Ligand SMILES: Cc1cc2nc3c(=O)[nH]c(=O)nc-3n(C[C@H](O)[C@H](O)[C@H](O)COP(=O)(O)O)c2cc1C
């Protein structure tokens, strides 16, 4: 969503400035073209060389004596968006009053692109009436203020004023600059691997981390969808557009998915659900002294087939974990009633469970296959939504 977008990252002088390096890296990973501008105070907290190394271009620090005749207007016109992170109380005050004595504030004043400000400061500074007034002014000017969070602050303090996580800022930029082709859509996503109890302590599980499902949920929200995420894994950071329901077993996942699916436009079932579960889990911990237990297994509900059989079913995408060939996924696509099956080779290095990348093959019910190269999971999610949005539009157009 940020590929090719031109973003100016402004960094002001607070302790959280060190996080700007990670934010810059994430923006570059998402394909953005990035330039940076720092206040003089920011250079006391993070080295300009670090940002130069990440972005490939030295940050602009002063307005005078630099290679550009007019760095602020040049960057302001170049930018598709300007983001100030972290934004100190002082920088916020200057922005609110249109003061342009430094390169960062001058760039914000000189742009017509959307501006995102992520404040970071001690709670007393954040709650001071002057800061409240300045933030209200920024809102009135159309600036998007992201955060701050509540939590650990510098010096062992705690409270509101903490810079939001860099990925939340990336998300805000994606919402601002990316496509909104899922606006008004209700989307259900399942993620993670189920755990089927053997006894109160042990379970049969699998290696799914939930990362692919999380990427699909987050990307859908950024493209305008209201997302219902059913997960047995760690969910993504809190997001107003994602409702999370935590489940553990295949039965819990089935009940939750089936209760919601017919109210959704799209369901993407990316969870790795156990096919079998212990039929009679022990009520108490099984003991070594009692000998090797016999564990008999019984089938779990087929969640995908259950959704496919619904009268008022959503557009349905199923994931299939494969080890080597995609024959199983091909069979799933032909027989299970899904509109699209995404096969991922979990045995391949860098693909599948727990990794940040994935190599998938898209399979349609008529057996057509399309293999994608190894990609970051957020990019797989984005491309998948490109495909689903266009298939959905075609389906609605023809009905
Ligand atoms: C150790 C230290 C940490 C600071 N952290 C913050 C901070 O997190 N937020 C803030 O608003 N100001 C913070 N300040 C104060 C700013 O550095 C100071 O107001 C500075 O003038 C800000 O300049 P700038 O907004 O041009 O970057 C800190 C100062 C020091 C000495």
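Here are some notes:
- Residues in the range 132-152 that are under 24 Å from the mean Cα position of the chain (by Cα) and part of a loop (DSSP other than H, G, I, E, B) were compared, and the one that is nearest to the ligand (Cβ to nearest atom) is 148.
- Top-ranked residue of the range 112-131 - restricted to ones that are within 14 Å of the ligand (Cβ to nearest atom), free of Cβ contacts under 8 Å to residues at least 40 places away in the same chain and assigned to a loop (DSSP other than H, G, I, E, B), ranked as farthest from residue 174 (Cα to Cα): 128
- Single unsatisfied condition, residue 205 versus (1) touching a residue at least 24 places away in the same chain (Cβ under 8 Å); (2) buried (at least 17 other Cβ atoms within 10 Å of the Cβ); (3) in contact with a strand residue (DSSP E or B) (Cβ under 7 Å, 6 or more places away or on another chain): (2)
- Members of the range 74-86 found to be more than 8 Å from the ligand (Cβ to nearest atom) and in contact (Cβ under 8 Å) with a residue 12 or more places away in the chain, listed by number: 75, 76, 77, 78, 79, 80, 81, 82, 83, 84, 85
- Positions within the range 364-388 being over 23 Å from residue 209 (Cβ atoms) and more than 18 Å from the chain's Cα centre (by Cα), in sequence order: 364, 365, 366, 367, 368, 369, 370, 387
- When residues of the range 103-114 are limited to those that are modelled with pLDDT of 95 or more and in contact with a strand residue (DSSP E or B) (Cβ under 6 Å, 6 or more places away or on another chain), the one surrounded by the fewest Cβ atoms within 10 Å (Cβ to Cβ): 111
- Listed conditions (1) crowded, with 19+ Cβ neighbours inside 10 Å; (2) without any contact (Cβ under 8 Å) to a residue 60 or more places away in the chain are all met by residue 183, apart from (1).
- The residues of the range 304-350 that are assigned to a helix (DSSP H, G or I), modelled with pLDDT of 85 or more and buried (at least 18 other Cβ atoms within 10 Å of the Cβ), listed by number, are 304, 307, 308.
- Filtered by the rule that a residue be touching a residue at least 24 places away in the same chain (Cβ under 8 Å) and under 20 Å from residue 191 (Cβ atoms), the range 362-385 gives 362, 376, 377, 378, 380, 381, 382, 384, 385.
- Yes/no for residue 68 being farther than 24 Å from residue 142 by Cβ and either within 10 Å of the ligand (Cβ to nearest atom) or assigned by TED's automatic domain parsing to the domain that holds residue 135 (or both): yes
- Filter result for the condition that a residue is under 28 Å from residue 32 (Cβ atoms), touching a residue at least 40 places away in the same chain (Cβ under 8 Å) and in contact with a strand residue (DSSP E or B) (Cβ under 6 Å, 6 or more places away or on another chain), over 145, 164: 164
- Residues of the range 259-308 that turn out to be touching a residue at least 60 places away in the same chain (Cβ under 8 Å), closer than 17 Å to residue 229 by Cβ and touching a strand residue (DSSP E or B) at 6+ places or on another chain (Cβ under 7 Å), as a count: 13
The values are calculated or read from the model by the stated rules, or taken from the named source; none is laboratory data. Keep in mind that this is a model prediction, so the values were computed, not measured. All Cβ positions, even for glycine, are placed from backbone atoms using ideal geometry, and neighbour counts span all protein chains on display.
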